1. Arranged by the count of other C-beta atoms within 10 angstrom, fewest first, what order do SER536, SER326 take?
2. Could you give the nm distance between label points at LEU140 and ALA390, where each point is 7 Å from its Cα heading toward the beta carbon?
3. What is the distance in Å between the Cα centres of the stretch 535-564 and the stretch 141-200?
4. For PHE52 and GLN515, calculate 0.36 nm times their separation in residues minus their Cα-Cα distance, and state this gained length in nm to one decimal.
5. When you take every Cα atom in the stretch 524-620, what is the radius of gyration, and what is Dmax, the widest Cα pair distance, in Å?
6. For a quick check: sort TYR533, TYR336 by the number of other beta carbons within 10 angstrom, fewest at the front.
7. Write down the Kirkwood hydrodynamic radius of the stretch 586-668, to one decimal in angstroms, obtained as one divided by the mean of 1/r over all alpha carbon pairs.
8. Using the beta-carbon distance between ASP553 and VAL325 and R0 = 35 Å, what value does 1/(1 + (r/R0)^6) give for FRET efficiency, to the nearest 0.05?
Amino acid sequence: MTITNADLRFNENGTPYATQFEDLYFSDSKGFDESQHVFLANNLLPQRWKDFHPAQFVIAETGFGTGLNFLVTLANFVLFKEQHPSSRLQLHFISIEKYPIGAADLRRALTLYPQLQAYSQVLLNQYPPALAGCHRLFFLDNSVILDLWLGDVHQVLPKIENTNTGRVDCWFLDGFAPSKNPEMWTQTLFDKMAFLAKDQCTFATFTAAGHVKRGLRQAGFEVFKRPAHGRKRDMLAGSITKTQNNATRLPYFARQGAQCSLKKTHSPPTVAIIGGGLAGANCAYALSKRGMAATVYCKESSLAQGASGNAQGGFYPQLNAVAGVSSQIHATAFTYAKRLYEELLVNGQDFAHQWCGTLQIAFNDKVTARQQKMMNNNTWPPSFIHQLDAQQASAVAKVSLPYSGLFIPSAGWINLPQLVQALCQAAKSQIACDKRLTQLNPQGEGWQIDWHDGSHTQADIVILAMGSDSLACQQLADVPFRLVRGQVESIASQGELTQLDTVLCHKGYMTPAWQGQHALGSTYIKQDKSCEYRLSEQQLNLGMHQQALIHCDWAQQMQTQSTGRAAIRCSTPDHLPIVGAVADFAKQKSQYQDLYKALPAAHYPAPSDHPNLFVLSGLGSRGLSTAPLCAEILISQILGQPVPLANDLLDALSPNRFLIKGLIRRTL
Ligand code: SAM
């Protein structure tokens, strides 16, 4: 969903000024020192990092603005790490921004701080489009994570997944002066800060306004007046002692989160990822960002032999005219995936790809109306997706197209096996091939995995990322996976098609040439599990493309050479992935059997899950867009770290959602 950008001016000193609030972002030329004094020193940073025990220190901020506070914190963290080289501490910075500054304005604003230039550049390189929701960015070799949430604090804070002992170690309560921005500085905000706070969480704010002081006290914080910076007299700082666990938001259903429950801390846990496709490789990569190793087990003799085996997969989000749950997930996941792919390339990994954009052509009246509605609704930022008329569409595609369309410039295509290889290489994962799962049995706190070749493996944590083989795993037998066969045609470059320079999408997709071949995707045959190449599907697929491109002579003249590849995708009834702890379906069925009575949520116990067993599956044909974020969510959940997705969207990925719906409707 589109978010309004900040309306910025720069004063005579080059300091940014927000027209929406009639206030400066920071004091002329004193921003750095002010930030250091108000937010760092008054939260006792960096001293508190020295003896801090959990692996991550979590800071949350209201109002990201230019990111100055974040960048000053980064600079402090770098210094801290230099002075404490043995420290393993990671920093997690959550910041919420209602009106994100446009990239060009941000670049200009940050030139005021040349001492932060190295860090500002990393921020600018990853800066997300003005899209509501959480954007997770990485800094300093992944030791710092920034979750930049775009939206109003009052809407965003309730969407941040909390735990019963809180999330946040320290608050930077920023935002323009309370007199200029009264809607933000409310009791609801202070209560929400207390709700997300961990025991002994501190806060600091530049204002000393009476109602802020009283409001924070009412929320449970101890509040002190402290000397402010520069010409201002006072500011506020303090902390909170939490004597009780939070009553966390129950359902979905009846939540506990997917955190791993391993008690042993003497050695790093052994992690087995079963599945050598996009899902498994992304889990290995997300773990490696936390310095954790995993072994990836694949049933074939090499990686990416299943649905992740296509040479040119279309990489684009599934967007609708209304930003419902599914398109919000797809949009956030797509932007996350794009940053991750760029990061792999910058770090020296290599995979064939082309960021050539995708053009969704308006090939019939229904699609034209849908596309027009999306544009009229301003559902998505224009930098993300915009409309082209037929002439512009032809110019972008470099083939003649008598159709208007929607263009997503940051999309493209990727060679999937090479990408999977690159992810595992970057993660330094061990790869074990020819390992087909036969059985999983609990053993101690972890699992024994029995393989088809008669061998066994022990692991503390198991992640099931098995695509169409998910059904073969007894613990997943009650998830209603849908298997769909898809055949992709590979055709030699010919005639005008040779010029094609973007991924064309209609009911299917067609890529520009790579090594003289174009990919034409794809058929969708439900409940068909065989992978042989079929001439009947070649005709079906080609016919679909020619029907959609009926007014393009070059498409009508396309000849195939009967080469292609079929694979089985694993989808779900609601077309969304399955991410989280594996439910103990038998136990949950009895725990929640009277759900249809719609009793108060507190009536229902926490769900029985299989301890230390997790799943990432059901990616359908969308894994290129969704796998990276889903893996990042899963690994964050397992490690008890903040989750990069709004909790209402997270609910939609829950592995037990079909069971719960069935129990509510009494269809089970
Ligand atoms: N921390 C920022 C920095 O380091 O540059 C400066 C913050 S600036 C003084 C205040 C920021 O709060 C602005 O970017 C403004 O758009 C944002 N803001 C104001 N009201 C907000 C709200 N209700 N929700 C989220 N952000 C808000």
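1. SER536, SER326
2. Taking the two extended label points, one gets 5.7 nm.
3. That distance is 53 Å.
4. 161.4 nm
5. Every Cα atom of the stretch 524-620 included, Rg and Dmax give 22.5, 64 Å.
6. Listing TYR533, TYR336 from fewest to most nearby Cβ atoms yields TYR533, TYR336.
7. It is 14.6 Å.
8. 0.30
Just so you know, all these numbers are worked out from the coordinates, no wet-lab data involved. Remember, it's a predicted structure, so these values are computed and weren't measured experimentally. Note that each Cβ is placed from the backbone with ideal geometry, even for glycine, and that neighbours are counted across all protein chains shown.
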